[in-house]
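See below for the structure under consideration.
The values are calculated or read from the model by the stated rules, or taken from the named source; none is laboratory data. None of the values given here were measured: they were computed from a predicted structure. Reconstructed Cβ throughout: ideal geometry from the backbone, glycine too, with neighbour counts over all protein chains shown.
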Protein chains: 2
Amino acid sequence: MNNNEYVKDITNIEENFAQWYTDIVLKAELADYTDTKGCIAIKPYGYAIWENIQKYTDNKFKETGIENVYFPVLIPENLLQKEKDHVEGFAPEVAWVTEAGEEKLDEKLCIRPTSETIISTMYSKWLNSWRDLPFLYNQWCNVLRWEKETRPFLRSREFLWQEGHTIHETEKEAIDRTLQMLDIYADVTENLLAIPVIKGIKTESEKFAGAESTYTIESMMYDGRALQSGTSHYFGQNFSKPFNIKFQNRDGKEEYAYQTSWGLSTRLIGAIIMAHGDNRGLKLPPKVAPIQVVIVPIAQHKEGVLEKTYELKRELSKNYRVKIDDRDKYSPGYKFNYWEMKGVPIRIEIGPRDIENKECILVRRDSGEKVTVKLDELDRTIEEVLNNIHTSMFQACKNRIKEKTTIAYNLDEFKENMNKNQGFIKAMWCGKEECENKIKELTGAKSRCIPFEEENLSDKCVCCGEHAEKMVIWGRQY
Amino acid sequence: MNNNEYVKDITNIEENFAQWYTDIVLKAELADYTDTKGCIAIKPYGYAIWENIQKYTDNKFKETGIENVYFPVLIPENLLQKEKDHVEGFAPEVAWVTEAGEEKLDEKLCIRPTSETIISTMYSKWLNSWRDLPFLYNQWCNVLRWEKETRPFLRSREFLWQEGHTIHETEKEAIDRTLQMLDIYADVTENLLAIPVIKGIKTESEKFAGAESTYTIESMMYDGRALQSGTSHYFGQNFSKPFNIKFQNRDGKEEYAYQTSWGLSTRLIGAIIMAHGDNRGLKLPPKVAPIQVVIVPIAQHKEGVLEKTYELKRELSKNYRVKIDDRDKYSPGYKFNYWEMKGVPIRIEIGPRDIENKECILVRRDSGEKVTVKLDELDRTIEEVLNNIHTSMFQACKNRIKEKTTIAYNLDEFKENMNKNQGFIKAMWCGKEECENKIKELTGAKSRCIPFEEENLSDKCVCCGEHAEKMVIWGRQY
């Protein structure tokens, strides 16, 4: 399958998807393993993708009134313990600071796995009256969860994310905010990353530790597995009671605030790799690609070629992120493969003959399609092609979801579908956790969500056959 | 001195500068103390200043080819110990993770106090040939140093910063980069924050643990104390040798890389407060102010006033960061004081009469000056006034440095000057650490730097009277 020299070191995507993934992370220079076990170093090319995600998302947040803040990375043990479900969920996977400044600490401090506890403590201090509400704060930061098995971007002990934390006067306002942020996540994933998502609500057993309800966007990777790409939680008063976040309401009475939190992380870089990549390497959605157009000069030693290339770059850089590969130790063929592997959406080839004809060759990374373009139409053509690439990549993922989503009415069908065509399965569910557990045990699939777009397939649970009202989307997951 | 109701809770700046500082941090809602001792929560108004600093600085970095990356927050103990001076300098003030995932760790991990060690380890892995060089990487992140005495922004156990780490083929290139980044820091401090700086080189005893030489920008605060506002270090091969960062040079021989690092931090927010503030509160330099113009409607219940105010805001928001204070529970007078305390550079007052006359009143935070401005000239006037405010604020700091910088030829003069007019002292120094120590003991002043603009005051050390060639700037410090 790997028909060129450069990518011969990349494992075939059909043969070993997990190894293919790791190969891409390393060869495309997105990240590397470090001496700190389970933690990666994000290299410039990977970090530039994250910066593009941050910029887009942060703007969307701010348009809705969100402000950025920063809370301490260390959380005293007693704060973590205040909300029962939360501590049960997170305590097993936190890292503890027990010594500092050459002394043993009186109280251990954990490195934040998420910041509900420390933020709630401060909200309690800052909130007095309904007039102060809402608090609409977010932080971009690092968090740490001591995972046993780690994979770059997908499950790293340390990862980068944003966590938004809001408190509100009413339940309705808080729920509206929870859903509004979910919509932003869907926007980011679909419109920036070209990855279609399914929006829905998590079942009880899959929701965030301490939440009243957790909303999710679920996407499907190349191999049919699901990736939870962002979650938004409604807490009700679950934290505001133990943390004493209360205010004088409009009637002059004390009331506990209604709270939300929501996050997305560098996991999305893993999603980009696994949703779009192929045997030639990474395939970057144009809007987050650190380099949107790479220009490869042909016969660059010939008079006027490099000059023309630089001129072209100056021109195109006004509207696009452009790079020239003028390395003299590599052949054009090597460079073609190299930049395909790095996932750059558009390649421009330009040599003496092209310059003479006032044209160049434009090659799409997604389809491999080559066209000759007049130089005076290049700027406009690039815009059009980048848009087309985005749309095609989105559509390809959409088609995959269609092909790999099946319906099951009983467990045998469920198992057969999952083994024959790993993907999403739509099936009715009675609402009992034991049915979820049984399905997981037998098929490896977990409930992804109860989608907002409900369908009524039957009135019987796929597992126990008892009365069922909810349709759940199931899938194996990352 | 505090002649208005709002600021009556702010301590007089002349009476107790330290308490005034804390009052400003809290009342202007820049930050708050947290349950994590020695760590602050940065509130939206404070964080927005940091975001403006980040944006400006990050652009300047990128213009010089710097790329952003991210390395792990946890560093294994054995890495910290590889460079002798570095570990001596930092080990006493780090926090250690000793337990994680409910188990005791085999090897302790420290939370980065700075990242030379982990980054050098990766550079060693990534570097092969001179063709790979330079590496020009930077990260925006949190770091932790277990300080005994802490103050918000100035000396917080956790703080936010950027740390740039570069490696180069030659000594010259590395030194040039060190100085280039120092120039960017001076640019940020002077052109963005309106705080003049003195550039220079640190003495041996004041340089960064592990550096060959440390360059600094020093600024002077309201009370005459110095604040080190950014540092840039040249490492030579001090890290590349123990960390084995080597490459094949142009002659095909192995050579160790030449290295730099440089950082600036949320300390700069402390510098803004202390360089510019006064008895009315914070005074923000226009270019970093989260709100540059606040509009206060007068008689806002009267027909047309709020409408006109919103229209004005829409118009001005195209070019400036504008806020309307339309809270109905506060009087205009209260609002004036409130926004002065928050340091907003320009206030616009507009009431029914003004609207009729197609004008408004514009008030400068820095000088208190009030002018009437025609509405159709407002946009242009604001631009001009913001520029003037920047220049005046810069000049005021410049004047302070002039007034509070004296020369001393012997220790008696040194002590007298420092006690009568706390500020910078220029004095010759023989180069011996014992003289630095003695001066510190007797006067509380440390060497700030040997400034790039050298002066030759005499040929005798201010302390021991022996031969001296260097002039040092001394000062008490934050």
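Couple of notes before you dig in:
- Close pairs from region B:223-238: first modelled with pLDDT of 95 or more, partner among the aromatic types (Phe, Trp, Tyr) and assigned to a loop (DSSP other than H, G, I, E, B), Cβ under 7 Å, at least 6 apart: B:225/B:478; B:227/B:478; B:231/B:208; B:233/B:208
- Residue list for region B:171-201, filter: under 15 Å from residue B:261 (Cα atoms) and either acidic (Asp, Glu) or not in a helix (DSSP H, G or I) (or both): B:171, B:173, B:176, B:183, B:201
- Region B:448-472, residues that are out of contact with any Gly (no Cβ under 7 Å at 6 or more places or on another chain) and not in a loop (DSSP other than H, G, I, E, B): B:460, B:467, B:471, B:472
- Filtering region B:43-69 to residues that are facing chain A (nearest Cβ under 9 Å) and more than 15 Å from the chain's Cα centre (by Cα) leaves B:43, B:44, B:45, B:67, B:68, B:69.
- Options A:213, A:205; residue that is touching a helix residue (DSSP H, G or I) at 6+ places or on another chain (Cβ under 7 Å) and either at pLDDT below 95 or surrounded by fewer than 24 Cβ atoms within 10 Å (Cβ to Cβ) (or both): A:205
- Residue in region A:71-78 that is within 30 Å of residue B:31 (Cβ to Cβ) and surrounded by fewer than 21 Cβ atoms within 10 Å (Cβ to Cβ) present: yes
- Filtering region B:202-225 to residues that are hydroxyl-bearing (Ser, Thr, Tyr) and not in a helix (DSSP H, G or I) leaves B:203, B:213, B:214, B:215, B:216, B:219, B:222.
- Top-ranked residue of region B:88-104 - restricted to ones that are in contact (Cβ under 8 Å) with a residue 24 or more places away in the chain and within 23 Å of residue A:143 (Cβ to Cβ), ranked as nearest to the other protein chains (Cβ to nearest Cβ): B:95
- Applying the criterion of at least 2 residues that are among the acidic types (Asp, Glu) and over 30 Å from residue A:103 (Cβ atoms) to the helices (runs of 4 or more DSSP H) found wholly in region B:1-111 leaves B:44-63.
- Residues of region A:41-53 classified as within 29 Å of residue A:174 (Cα to Cα) and either without any contact (Cβ under 8 Å) to a residue 12 or more places away in the chain or surrounded by fewer than 18 Cβ atoms within 10 Å (Cβ to Cβ) (or both), total: 1
- Subset of region A:242-297 [closer than 18 Å to residue A:394 by Cα and of a type in the set (Val, Ile, Thr)]: A:269, A:272, A:273, A:288
- Qualifying residue in region A:260-275 (condition: surrounded by fewer than 23 Cβ atoms within 10 Å (Cβ to Cβ), within 23 Å of residue A:14 (Cα to Cα) and modelled with pLDDT of 95 or more): yes
- Residue that is nearest to the chain's Cα centre (by Cα), among those in region B:112-145 that are in a strand (DSSP E or B), at the interface with chain A (Cβ under 9 Å from one of its Cβ atoms) and not hydrophobic (A, V, I, L, M, F, W, C): B:142
- When restricted to residues that are among the charged types (D, E, K, R) and under 26 Å from residue B:152 (Cα atoms), region B:265-318 contains 5.
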